[in-house]
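Shown next, in structure tokens, is the structure this report addresses.
The values are calculated or read from the model by the stated rules, or taken from the named source; none is laboratory data. All of these numbers come straight from a predicted model, not from anything done at the bench. Positions of Cβ are backbone-derived with ideal geometry, glycine not excepted, and every protein chain shown enters the neighbour counts. All accessible areas refer to the heavy atoms of the entire protein, side chains included, with ligands and DNA or RNA removed. Shrake-Rupley method; radii C 1.70, N 1.55, O 1.52, S 1.80 Å.
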Amino acid sequence: FSSLRKHLMSKSTAKYRKDNQSLQLPIYKHKAKLVQAVKESTFLVVTGETGSGKTTQLPQYLCQAGFCKNGKICITQPRRVAAITVAQRVAHEMQCTLGREVGYQVRFDDCTTQDTELKYMTDGCLLREVLADPGLSHYSVVVLDEVHERSLNTDILLGLLKKVFSNPTEAMKGRAFPLKVVVMSATMETDKLSAFLGDCPVFAIPGRTFPVTCTLGTAVGPKDLQSTGYVKEVVSLALDVHTSEKAGDILVFLTGQLEIERACDLLFEKAESIDYRYDVQDKTVDGLLILPLYGSMPTEQQRQIFQPPPPGIRKCVVATNIAATSLTINGIKYIIDSGFVKQLNHNSRVGMDILEVVPISKSEALQRAGRAGRTSAGKCFRIYTKEFWEECMPEYTIPEIQRTSLTAVVLTLKCLGVHDVIRFPYLDPPEERFILEALKQLYQFDAIDRFGRVTRLGELMVEFPLQPGLTRALLKAASHGCQDLLLSVAAMLSVENIFIRPGHPDKQKEADQSHRALAANSGGVNDFGTLLSVFQQCKSSERPSAWCKDNWIHWRALKSAFSVETQLRDILLRLRDFPVEKFDGNKNELFRRCLCTGYFTNVARRSVGKVFCTMDGHGSMVHIHPSSSLFDKEMELDWILFHDVLVTSRVYVRTVCPIRYEWVKDLLPKLHEVDVYELSSVAREEVTDEEVTKWETREAAKRQSEISAEDALKKVEKRNNENSVSEARARYLQRKLQRQQNKVV
DNA sequence: GAGCACTGC
């Protein structure tokens, strides 16, 4: 006994010895009560601002309290880097090797072992795990962190966990020990969270941040909702701060690469004209270091941002929203907030995703301001007026689940046995038409049947970390034995843009020329083929990174495409269980036919001149984007298929491939045969066998009067484009006009 | 005749 005791004691002192830092964290005082709270209830909401130590300490407390005896403790994060860095820190604090007692799991990187007790992972990873093990049998505690960010995956996990306990499934009953759920969030909306989880207890931990004084401005009012004139304002404000405020770095929030480059140019121009001998009040500041920061920037260049500036020099980082959550820059004391953000919204009226500039929410504005108070008191200068704050900025950002396409989510839920996807317990339910649209698309892909039940194909599809359309095309290819072609194309389409297009006109020409050459080398007939060829050329080249540089291709993006391709290939090998179909034709045609199977919702036919009309039931008028190899060849085309849509001065389709009508002839009527309201009634309730027979009889009757492809065509072409796509375009044009006027002044 | 924020599997 004594030796065992000794062993345990040494374990607790060596393994869990705290350095002074963690004892000083605000959470430490609440340790006993927190552990008690977790013991006493199934759900617990823990709130605490940045600096409270909840992410690093709470899991350790639970581990020490014996929660690891039965199973692991997992802590989810919305981002990869966060999962990895937090795990590293906790492993260091517990003085153990990363990957042993403390580990992390993110896509492509599983750093855990059988013995891992604390597992930090991305929310997406846990969701995949739930698919394989709905009872979460390996875990004793599930901690959802950063819930206030409302990431799509976290929202789904939250609903699933609630559902599991409101109506324990077989999987849960089979558990040997109870599961505990801790939901951690910054202070906002905690009442709502607690109410959602059956009025569970809320535990508040004080944060350790410094006060940030905020001031409103005059540059942007309610009338300037679409204005882009704010760049000039932001620049002059930054210079004001620079010349009148004490030492401390500046962080400016803008919306995109272009805006940032323009602001940096302006800043550079003006900062050069400052005479630092006389103008600057704080004599410790001798100059301004201007640094742009956005996601597609090379990683090396991004790293520069974190270097402390030379003595006497003030750093001014001009960034996108990437600096709001993903990256933390030390030493920031001043924030300049434009009040806008670029956001991808799904529009179910036209069935398209539209990237647009919108005002940020009040909570987001607070978040931005908070970036100035991490190490000392700070100041935040907002360029918008009080009226703008009150009238144009919503309280909270609309959660992702309410503004994205739900096709993949609905399929995941269905595969988890959630039949009624409309009445699933969402913290914030998405609009019903978003769900119906998803059901319709899944039906069209043959992933679910008319009764909303997952088909064999749907079960296969859910295994792939891809957009459903791409998965569908890939599985079609696999059944024809030509998966190699689609594997690389699917990988290329699911990573960030691989074509580099620099800002300087000379280099732009050079890059465009390289890209055109790449398209021509691949046969020059379709953009999907170009992607395939780029993938193959780079992969077989002796020095792939050099090859990318020569051809203006993002090496970082291509590297991830290689990993994705390997992963997809592994999944395909593991499944192997799909029907094999014969096809006698050439490979090029087969390739494009497979694409049609996944993209028949993205088909358009040329109507007048260079304008194409989509066949998705909305009849939107679209143009081929100038970056496409088919641009300027429109008159030779009839039917096309495209990967995505971009709304700017026109509605553009990108990544295009010519197809033949015969290939989609049998698929197109699918777009019109199913009535979403029919699906809706099916979606709401479990279907009995009796009902199935009833439906099948009806369906048989329907099939006789089935709508022909030609009818579908006529139906679509009648519609015009008076919808929100043109609204979005009008907004873009207005912005452009204002930008031009701004330039003239 | 070009204007793609940020995540994630």
- Only one of these is surrounded by 10 or more Cβ atoms within 10 Å (Cβ to Cβ) and modelled with pLDDT under 75: A:Tyr16, A:Tyr28. Name it. A:Tyr16
- Message: I'd like to know if segment A:528-540 contains one or more residues that are under 23 Å from the mean Cα position of the chain (by Cα), within 16 Å of DNA strand B (Cβ to nearest atom) and in the same structural domain as A:Gly469 (by TED's automatic domain parsing).
- Response: yes
- Task: Could you please find all residues in segment A:511-522 being within 22 Å of A:Phe562 (Cα to Cα) and either open to solvent by 100 Å² or more (accessible area, probe 1.4 Å) or within 9 Å of DNA strand B (Cβ to nearest atom) (or both)?
- Result: A:His515, A:Asn521
- Item | All positions within segment A:121-160 that are touching a residue at least 60 places away in the same chain (Cβ under 8 Å) and within 23 Å of A:Lys69 (Cα to Cα) | A:Val130, A:Pro134, A:Ser137, A:His138, A:Tyr139, A:Ser140, A:Val141, A:Val142, A:Val143, A:Leu144, A:Asp145
- Restricting attention to helices (runs of 4 or more DSSP H) lying wholly within segment A:58-177, give those where 2 or more residues are crowded, with 16+ Cβ neighbours inside 10 Å and either of a type in the set (Ser, Thr, Tyr) or within 11 Å of DNA strand B (Cβ to nearest atom) (or both). A:80-93, A:123-132, A:152-166
- Note on the structure: When every residue in segment A:631-647 that is within 13 Å of DNA strand B (Cβ to nearest atom) and outside any loop (DSSP other than H, G, I, E, B) is compared, the one surrounded by the fewest Cβ atoms within 10 Å (Cβ to Cβ) is A:Met635
- Message: Quick check on my filter: what residues within segment A:306-348 are open to solvent by 20 Å² or more (accessible area, probe 1.4 Å), within 16 Å of DNA strand B (Cβ to nearest atom) and among the hydrophobic types (A, V, I, L, M, F, W, C)?
- Response: A:Phe306, A:Ile322, A:Leu327, A:Leu344
- List every residue pair whose Cβ atoms lie under 6 Å apart, where the two residues are 6 or more positions apart in sequence or sit on different chains, the first residue falls within segment A:604-627 and is farther than 24 Å from A:Gln444 by Cα, and the second residue, located anywhere, is within 16 Å of DNA strand B (Cβ to nearest atom) and assigned to a strand (DSSP E or B). A:Val611/A:Met621; A:His623/A:Tyr652; A:Ile624/A:Val656; A:His625/A:Tyr652; A:His625/A:Arg654
- Note on the structure: Scanning segment A:244-266 for residues that are free of Cβ contacts under 8 Å to residues at least 60 places away in the same chain and under 23 Å from A:Thr385 (Cα atoms) gives A:Ser244, A:Glu259, A:Ala263
- Selection count where residues are in a helix (DSSP H, G or I), over 17 Å from A:Arg472 (Cβ atoms) and within 15 Å of DNA strand B (Cβ to nearest atom), scope segment A:570-624: 2
- Message: Just checking, does segment A:358-366 include any residue being of a type in the set (S, T, N, Q) and either more than 30 Å from A:Gly503 (Cβ to Cβ) or crowded, with 16+ Cβ neighbours inside 10 Å (or both)?
- Response: yes
- Item | Only listed residue being more than 15 Å from DNA strand B (Cβ to nearest atom) and not assigned by TED's automatic domain parsing to the domain that holds A:Thr328, chosen from A:Gly378, A:Gly417, A:Gly370, A:Gly351 | A:Gly417
- Candidate set: segment A:461-510, residues that are surrounded by fewer than 23 Cβ atoms within 10 Å (Cβ to Cβ) and hydroxyl-bearing (Ser, Thr, Tyr); chosen: the one nearest to DNA strand B (Cβ to nearest atom): A:Ser494
- Of the residues A:Gly71, A:Gly66, which single one is more than 27 Å from the chain's Cα centre (by Cα), at positive phi and assigned by TED's automatic domain parsing to the domain that holds A:Thr116? A:Gly66
